Amino acid sequence: MDDKNLMENILLLEKGACDLFMHGTIESPTANVHQAFSTALNDSLCMQDTLYSKMAAKGWYPSEQVDQTRVNTVKQKFSAQ
């Protein structure tokens with residue numbers, strides 16, 4: 001397994017952890033449990049952002065610029081509803 005595949009796998013696992021922590025935060029029965037999940041979620045989101053940034057810097061997570069006209073079209077479509 002090369003570095004790119006390893007980073008992709010770690011990022012996917014981290015995204016899964018974020019999802020679990022988010023649901024734990026939402027469903028928390030007490031303030032203490034809510035705070036524990038919320039802190040874990042924030043830490044996990046920071047880690048996910050770091051992984052994404054490192055992958056993007058190496059060109060392993062390419063993104064494309066969207067034309068502003070296209071953005072405006074979508075905004076108009078959903079603001080009309």
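The values are calculated or read from the model by the stated rules, or taken from the named source; none is laboratory data. On a predicted model such as this, the values are computed, not experimentally measured, just so you know. Positions of Cβ are backbone-derived with ideal geometry, glycine not excepted, and every protein chain shown enters the neighbour counts. Heavy atoms of the whole protein, side chains included, go into the accessibility calculation; ligands, DNA and RNA do not. Shrake-Rupley method; radii C 1.70, N 1.55, O 1.52, S 1.80 Å.
Report yes if some residue within the stretch 39-48 is part of a helix (DSSP H, G or I), surrounded by 10 or more Cβ atoms within 10 Å (Cβ to Cβ), of a type outside the set (A, V, I, L, M) and in contact (Cβ under 8 Å) with a residue 40 or more places away in the chain; otherwise report no. Checked against the condition, which is being part of a helix (DSSP H, G or I), surrounded by 10 or more Cβ atoms within 10 Å (Cβ to Cβ), of a type outside the set (A, V, I, L, M) and in contact (Cβ under 8 Å) with a residue 40 or more places away in the chain, the stretch 39-48 yields no hits at all. Being among the hydrophobic types (A, V, I, L, M, F, W, C) and in a helix (DSSP H, G or I) is a condition met by at least one residue of the stretch 68-77. Filtering the stretch 1-19 to residues that are loosely packed, with under 14 Cβ neighbours inside 10 Å and in a helix (DSSP H, G or I) leaves 3, 4, 5, 6, 9, 12, 13, 16, 19.
So which of 28, 63 ends up being outside any helix (DSSP H, G or I), open to solvent by 60 Å² or more (accessible area, probe 1.4 Å) and among the polar types (S, T, N, Q)? Please lay out each step first, then the result.
Details: 28 fails: open to solvent by 60 Å² or more (accessible area, probe 1.4 Å).
Answer to the selection: 63.
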